[in-house]
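Please read the structure below before turning to the comments.
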Amino acid sequence: MAKVSVNLDDNLDDDSSAQKLKAMAAPLPSISKAKSSALKDAPRVQFSFTNVPKPIKEAFASEAQKRGVTQKELLYECLRAGGIDIPKAAEIDGRRR
């Protein structure tokens with residue numbers, strides 16, 4: 001009777017056909033998602049301004065609260081209104097990686 005050898009190892013990283021299958025099954029790139037992913041994974045830096053008059057700061061905070069958004073989200077909305085292409089905050093939130 002002939003011996004049968006069965007390899008039950010799930011490590012497919014060494015197999016070239018497995019690499020081809022993984023590459024074929026990979027999702028197609030999306031331009032919009034690429035930008036969101038790049039912004040989501042980008043390093044974070046401090047973004048602040050020089051001192052502004054207190055009534056302006058309070059008006060900004062009040063407007064954010066009235067709209068039900070954070071001050072950062074309101075800043076993004078202001079930048080979008082000024083013509084800067086920024087994805088929605090949920091798409092670039094670094095806490096949801």
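General observations
- Hits in segment 19-72 (condition: modelled with pLDDT under 90, of a type in the set (Val, Ile, Thr) and part of a helix (DSSP H, G or I)): 31
- Scope segment 79-97; condition more than 11 Å from residue 40 (Cβ to Cβ) and loosely packed, with under 12 Cβ neighbours inside 10 Å; matching residues: 81, 82, 83, 84, 85
The values are calculated or read from the model by the stated rules, or taken from the named source; none is laboratory data. Keep in mind that this is a model prediction, so the values were computed, not measured. Neighbour counts are summed over all protein chains in view; Cβ atoms, including those assigned to glycine, are modelled from backbone coordinates with ideal geometry.
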